[in-house]
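The structure under discussion appears below in the form of structure tokens.
The values are calculated or read from the model by the stated rules, or taken from the named source; none is laboratory data. Here the structure is a predicted model, which means the values were calculated and not measured. Cβ coordinates were reconstructed from backbone atoms using ideal geometry, including for glycine residues, and neighbour counts include every protein chain displayed. Side chains are part of the model used for accessible areas, which takes the heavy atoms of the whole protein and leaves out ligands, DNA and RNA. Shrake-Rupley method; radii C 1.70, N 1.55, O 1.52, S 1.80 Å.
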Amino acid sequence: GAKKAYDHLFVKTGTLDTNRQAKIVRPLALGLLDGEEKKKAENRLVQAVREGNYHVGTGFLSTVFLLSVLTEAGETETAYKMLENTEKPGWLGEILDGATTVWETWEGDVSRNHYSPGAVCQWLFDTVGGIRPDGKNRFVIHPIPGGSLSFAKASYKSLYGTVESSWERKEDATTFTVTVPANTTARLMLPNGDSWVLDAGTHIYTI
């Protein structure tokens, strides 16, 4: 299948030993690597990101995968460093240039509201905020704090009502607040491994 073909054409030739972030991100995101080869690629991606000074080095078809692949590899802090990098190419570089939307190009000379670099919003929603729909009336809420952020909040207007997730970090503890709408349930997963299935209402946990 696709995995065997990819292994034959790319893995065995060693062409994943590259600083081209997109070339490493795509096979990881599409599930074309397993076991030791997957771990090697994850480590090589982190190396490429660091050697690129945490600049975004992916293009139109790969930027959507970048931060989520790093998170799945256990490198959420690397993802946060990319998010918070104030130099271009990078999202905060646009903001420092006055952006209030996510531009198609880092210079802002084409579309001012574009899917490819704008896909970072999914990571903000499902990883920083942690809200992930999980069926007809179920949600998984798995926020992962990181970077220099001390507070984050996300909300989702579902058919059943608004789901909310927020967290606040202080010196010695992090407090998570989750609101689950009526007639739904949510599995809350916290960074320390604690997990609960929550019914409707507002729930507060501190770790």
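For region 126-136, indicate whether the set of residues that are touching a residue at least 40 places away in the same chain (Cβ under 8 Å), among the polar types (S, T, N, Q) and open to solvent by 40 Å² or more (accessible area, probe 1.4 Å) is non-empty.
no
Looking at the structure I just gave you, is Thr177 modelled with pLDDT of 95 or more and open to solvent by less than 70 Å² (accessible area, probe 1.4 Å)?
Here the answer is yes, as Thr177 does meet what is asked.
Checking Ser116 against (1) exposed (fewer than 12 other Cβ atoms within 10 Å of the Cβ); (2) of a type in the set (Ser, Thr, Tyr); (3) within 24 Å of Lys88 (Cβ to Cβ), only one condition comes out false. Which one?
(1) is the only condition that Ser116 fails.
Given the structure, is Val46 within 21 Å of Ala5 (Cα to Cα) and either of a type in the set (Asp, Glu) or touching a helix residue (DSSP H, G or I) at 6+ places or on another chain (Cβ under 6 Å) (or both)?
Taking the combined requirement at face value, the residue does not satisfy it.
So, in region 1-25, exactly how many residues are in contact (Cβ under 8 Å) with a residue 24 or more places away in the chain, surrounded by 12 or more Cβ atoms within 10 Å (Cβ to Cβ), farther than 18 Å from Pro89 by Cβ and not acidic (Asp, Glu)?
4
Give the residues of region 153-173 that are surrounded by fewer than 18 Cβ atoms within 10 Å (Cβ to Cβ) and of a type in the set (A, V, I, L, M, F, W, C), sorted by residue number.
Leu159, Ala173
What number of residues within region 50-77 are in a loop (DSSP other than H, G, I, E, B) and either free of Cβ contacts under 8 Å to residues at least 40 places away in the same chain or under 20 Å from Gly93 (Cα atoms) (or both)? I'd like the intermediate steps shown before the answer.
If we filter region 50-77 for residues that are in a loop (DSSP other than H, G, I, E, B), which is where we start, we get 52-62, 73-75.
Filter again for either free of Cβ contacts under 8 Å to residues at least 40 places away in the same chain or under 20 Å from Gly93 (Cα atoms) (or both), leaving 52-60, 62, 74-75.
Residues flagged as in a loop (DSSP other than H, G, I, E, B) and either free of Cβ contacts under 8 Å to residues at least 40 places away in the same chain or under 20 Å from Gly93 (Cα atoms) (or both) within region 50-77 amount to 12.
Could you tell me whether region 36-50 includes any residue that is closer than 19 Å to Cys121 by Cβ and at pLDDT 95 or above?
Step one: list which residues in region 36-50 are closer than 19 Å to Cys121 by Cβ, which gives none.
Checked region 36-50: no residue is closer than 19 Å to Cys121 by Cβ and at pLDDT 95 or above.
Specify the residue that is most open to solvent (accessible area, probe 1.4 Å); the eligible residues are those in region 34-92 that are farther than 19 Å from Pro143 by Cβ and hydroxyl-bearing (Ser, Thr, Tyr). Before the answer, list the steps.
Within region 34-92, the subset farther than 19 Å from Pro143 by Cβ is 34-66, 85-92.
Subset that is hydroxyl-bearing (Ser, Thr, Tyr): 54, 58, 62-63, 86.
Details: Tyr54: 51, Thr58: 17, Ser62: 2, Thr63: 12, Thr86: 77 Å².
Taking the candidates together, the pick is Thr86.
Failed condition for Asn85, given (1) farther than 29 Å from Lys4 by Cβ; (2) in contact with a helix residue (DSSP H, G or I) (Cβ under 8 Å, 6 or more places away or on another chain); (3) at pLDDT below 95, with all others met?
Looking at each condition in turn, Asn85 falls short on (3).
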